[in-house]
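The values are calculated or read from the model by the stated rules, or taken from the named source; none is laboratory data. Only a predicted model underlies this, so the values are computations on that prediction, with no experimental measurement involved. Cβ atoms come from the backbone with ideal geometry, glycine included; neighbour counts cover every protein chain shown. Note: accessible area is taken over every heavy atom of the protein model, side chains too, but ligands, DNA and RNA are not part of it. Shrake-Rupley method; radii C 1.70, N 1.55, O 1.52, S 1.80 Å.
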Amino acid sequence: MGHNAAWLLALVPASIFVYLCGFIELVAHEGVGVKPTPITWLPQYNIQYSLFVDGLSLLFALLISGIGIFIILYAGGFLRKHPEQGRFFCFLFLFMGSMLGVVLADNLLTLFTYWELTSITSFLLIGFNHLKRASRRAAMQALVITGGGGLALLPGLILMGYAGGTMEMSELIVIGDVLREHSLYVPMLILILLGAFTKSAQYPFHSWLRNAMEAPTPVSAYLHSATMVKAGVYFLMRVHPVMGSTELWMYTLQIVGGFTMLMGTRMALRQLDLKKALAYTTIASLGLLVMLVGTSSEAAIAGAVLYLFAHALAKGGLFMMVGTITDKCGTSEIAELRGLRHKMPITFVAANLGAMSVGGIYPFLGFVAKEEIYRGLQGGSWNEILLTIIAVAGNSMMFAAVFVVSLKPFLGEETEKMKGALKDFQRGPWLLLIGPIALSSLGLLFMFIGPFLSDNLLTPMLYSVLGYHSSAKLTFAVHFNEALILSLVTIAGGIFIYYEADYIRSIRQGIIRTIGKGPDDFFDTFVTGLIRFSARVTRLLQTGNLEVYLAATFVVAAGTMLTPMILFDELPDWPSMPSLHFYEWAVVLLAVVGLFAVIIAKTRLTAIISLGIQGFSVALIFLMFGAPDLAFTQFMVETLSVVIIALVMNRLSLEERDKRPLAQTVGDSAVAIVVGGCLGLLLMSVTQGSFDTSLPNFFTDYSRVIAHGRNIVNVIIVDFRGLDTLGEIAVVMITALCVFTLTLGTAKQFRGGQGAKDAALPSTQQSQDQKGADQ
């Protein structure tokens with residue numbers, strides 16, 4: 001079907017949209033959420049796969065599926081003739097499903113799973129043009145920043161579930177002050193805000209959203225209108241009934257959101273590219289929404305609900321419009337685009353309908369939303385006055401920025417470059433036009449059914465955010481009050497800034513050059529530093545020297561034994577000198593002699609036999625303490641060990657030991673003494689404690705009854721630890737086969753296979769080969 005497959009594929013989000021519409025009446029009239037029967041996911045941890053549909057999740061889900069219809073259609077036209085169109089649609093549907101999962105999830109871990117899936121699928125979409133370095137970098141940056149926020153969100157969600165006594169969001173949002181008054185509220189809030197701020201591109205985590213413009217335009221339109229960037233705002237609105245209204249919540253959200261709004265709008269005016277200018281207006285809009293949620297004011301949050309609805313519709317249409325211009329003109333640079341209104345009149349109309357809604361011009365949705373915002377920020381406190389100033393200044397700059405995008409490319413006379421690019425201009429398929437026209441027009445058309453939207457969608461959503469009943473009105477009525485005056489000031493300021501946009505852009509370029517690096521550059525610095533640090537750690541730890549690995553292992557083992565004894569004050573008391581019989585002193589002396597024999601041995605064979613002396617001393621100690629079976633086993637093991645090691649070394653070399661530098665000898669001796677000392681302290685600490693007889697009593701009571709054996713040790717080895725013993729036997733067998741194979745090959749190489757060659761080699765070369773074999 002080629003690009004016309006989009007018509008068929010659009011039926012998927014359309015079906016979801018129609019199905020969700022069936023919940024509107026139920027949610028609006030009942031005033032509570034609908035929770036389908038959950039599915040048991042991990043019963044041992046009491047984790048369920050559960051969904052929840054209330055006013056907040058329903059509106060978001062309708063936006064995701066409804067706008068998704070037009071995104072699918074637009075993608076079909078935008079990617080026509082693209083060889084990877086099927087792969088793109090696959091990623092897009094994964095992304096759509098992930099976002100629906102985020103807003104509909106009830107269980108906190110279900111929500112987190114979908115939250116991470118949005119990061120993964122957005123990585124695939126942003127990096128779709130993976131042959132471009134910029135696309136790969138943007139995809140990685142989005143994954144690192146949003147994935148890092150997800151790592152913070154997970155413990156925050158677990159703390160929420162722990163503090164609230166449930167992992168179901170529908171149960172948490174009705175428990176009132178339980179979370180706010182909990183001792184874990186501060187760390188819980190910090191972790192949750194980190195997750196939300198990274199996902200909603202709040203400063204300084206905003207750079208990933210700007211760079212996400214490397215993705216194909218359908219992705220940009222979907223990201224900025226109804227999906228991923230709104231996930232952070234959605235989650236802040238979701239937890240507002242139980243986490244909001246505290247000073248920490250309000251000041252943090254107001255400061256971060258207000259600064260992000262001002263920074264985003266100023267950066268939007270500075271951009272020379274249409275898509276990037278729109279991206280910064282989205283960042284600014286998200287900052288405004290976060291700031292409004294942070295006020296915890298009923299009217300301000302009502303304005304946020306209206307603005308979110310208006311912004312989602314208009315911004316999707318604006319991005320599609322920019323994509324259409326780029327598709328036809330081959331560029332999105334503002335300075336190169338002029339006079340397109342004659343060739344693209346439908347796109348021109350759609351662009352300005354969307355801009356009027358975002359700019360807040362009567363009678364569009366955006367006008368009603370901004371009036372409600374200003375009404376909610378009114379008050380006499382310095383904080384409310386400051387927030388009002390920020391909102392007016394930010395909205396004025398946003399007004400100018402969106403009209404720069406919607407007017408500059410269309411007005412004036414065509415540049416010579418545009419005349420050449422549009423010489424053979426042909427209007428694109430309707431797939432490219434349906435989305436911009438529909439989404440931009442809805443900002444006005446929905447005003448005609450304002451009462452229906454208010455009662456059935458916006459008011460239930462406002463109830464979910466606030467936690468109590470309130471209403472959001474959507475009418476054509478104009479109220480002559482302070483909010484209207486502020487709206488007029490915003491429009492007037494926006495018009496002034498629009499005409500001075502070129503001058504402002506030049507000033508901003510100079511300021512940026514003076515300031516230098518920003519968060520986007522710091523991301524590169526961070527990644528580069530991480531790579532260099534990893535390389536240094538690798539060079540430090542992975543030396544390729546077996547002696548270094550063994551020394552490190554023993555040092556860590558010593559620290560593992562010693563540190564808990566120091567931290568928990570469990571160091572043993574120094575024992576008094578025991579009264580020993582002469583034969584016991586003889587065994588101790590034998591062990592000491594064996595120890596020094598190992599140390600001073602000149603040849604490897606002497607060292608091997610001296611190790612056997614140590615093992616026989618241990619066997620004699622077992623014998624003296626009434627454990628003849630252990631003593632017998634020890635004698636057998638030591639004898640076999642000495643014989644086998646001697647046989648192996650006989651195949652390799654039993655010559656004198658390698659000469660080692662003094663520093664290496666001292667270092668190895670220190671490690672050995674420390675490890676042995678720590679093990680001795682641990683054994684002393686254990687033996688000085690009370691002896692727990694529960695395990696010996698168990699084996700004594702049940703060895704005969706269960707395993708039908710009188711020898712308890714044998715029963716433990718063969719029955720109670722049967723699988724463990726089987727594993728040990730398998731390991732020993734495999735090791736023996738490996739050793740046999742290695743020694744056999746070495747013997748052939750250095751005895752038989754190399755004999756004739758050795759005879760012909762000079763003596764110096766033979767000595768070097770022998771030294772290599774010894775090593």
query = Across segment 670-690, what is the number of residues that are part of a helix (DSSP H, G or I) and either open to solvent by 60 Å² or more (accessible area, probe 1.4 Å) or under 16 Å from Asp573 (Cβ atoms) (or both)?
reply = 14
request  = Please determine, by comparing only the residues of segment 246-282 that are in a helix (DSSP H, G or I) and of a type in the set (Ser, Thr, Tyr), which one is surrounded by the most Cβ atoms within 10 Å (Cβ to Cβ).
outcome  = Thr281
ask   = Taking interchain pairs and intrachain pairs at least six residues apart, which have beta carbon atoms under 6 angstrom, with the first residue in segment 134-161 and assigned to a helix (DSSP H, G or I) and the second of a type in the set (Gly, Ala, Ser) and open to solvent by 10 Å² or more (accessible area, probe 1.4 Å)?
value = Ser135/Gly127; Arg136/Gly127; Ala139/Gly127
query = Under 6 Å by Cβ, and 6 or more places apart or on different chains, what pairs join a residue from segment 558-580 that is touching a residue at least 60 places away in the same chain (Cβ under 8 Å) and open to solvent by 60 Å² or more (accessible area, probe 1.4 Å) with one that is of a type outside the set (Phe, Trp, Tyr) and in a helix (DSSP H, G or I)?
reply = Glu570/Ser685; Leu571/Met565
Test set (1) more than 29 Å from Ile717 (Cα to Cα); (2) open to solvent by 70 Å² or more (accessible area, probe 1.4 Å) - Leu630 fails condition number = (1)
query = If we scan segment 15-30, do we find a residue that is buried (at least 21 other Cβ atoms within 10 Å of the Cβ), of a type in the set (S, T, N, Q) and either at pLDDT 90 or above or closer than 22 Å to Gly467 by Cα (or both)?
reply = no
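A quick yes/no check of all residues on (1) basic (Lys, Arg); (2) in contact with a Phe, Trp or Tyr (Cβ under 7 Å, 6 or more places away or on another chain); (3) crowded, with 23+ Cβ neighbours inside 10 Å:
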| residue | (1), (2), (3) |
| --- | --- |
| Glu116 | no, no, no |
| Leu125 | no, yes, yes |
| Lys132 | yes, no, no |
| Ala138 | no, no, yes |
| Val144 | no, no, no |
| Gly148 | no, no, no |
ask   = Which of the residues belonging to segment 595-629 are hydrophobic (A, V, I, L, M, F, W, C) and under 18 Å from Glu584 (Cα atoms)?
value = Leu595, Ile613, Phe616, Val618, Ala619, Leu620, Ile621, Phe622, Leu623, Met624, Phe625, Ala627
query = List the pairs whose first member sits in segment 254-278 and is more than 19 Å from Lys408 (Cβ to Cβ), whose second member is part of a helix (DSSP H, G or I) and open to solvent by 30 Å² or more (accessible area, probe 1.4 Å), and whose Cβ atoms are under 7 Å apart, counting only residues at least 6 apart or on separate chains?
reply = Leu262/Ala393
note = Pairing a residue in segment 230-245 that is closer than 22 Å to Phe95 by Cα with any residue that is basic (Lys, Arg), where Cβ atoms lie under 6 Å and the two sit 6 or more apart in sequence or on different chains, gives Ala231/Lys199; Gly232/Lys199
Residue identified as surrounded by 14 or more Cβ atoms within 10 Å (Cβ to Cβ), of a type in the set (Gly, Ala, Ser), touching a helix residue (DSSP H, G or I) at 6+ places or on another chain (Cβ under 8 Å) and closer than 30 Å to Ile712 by Cβ among Ala646, Ala601, Ala619 = Ala619
inquiry  = With the structure loaded, tell me whether Ile497 is at negative phi, modelled with pLDDT of 85 or more and either surrounded by fewer than 13 Cβ atoms within 10 Å (Cβ to Cβ) or not in a helix (DSSP H, G or I) (or both) or whether it fails that test.
reply    = no
Checking Phe95 against (1) aromatic (Phe, Trp, Tyr); (2) over 20 Å from Ser50 (Cα atoms); (3) open to solvent by less than 30 Å² (accessible area, probe 1.4 Å), the condition it does not meet = (2)
Among residues of segment 50-79, those that are touching a Gly at 6+ places or on another chain (Cβ under 7 Å) and part of a loop (DSSP other than H, G, I, E, B), counted = 2
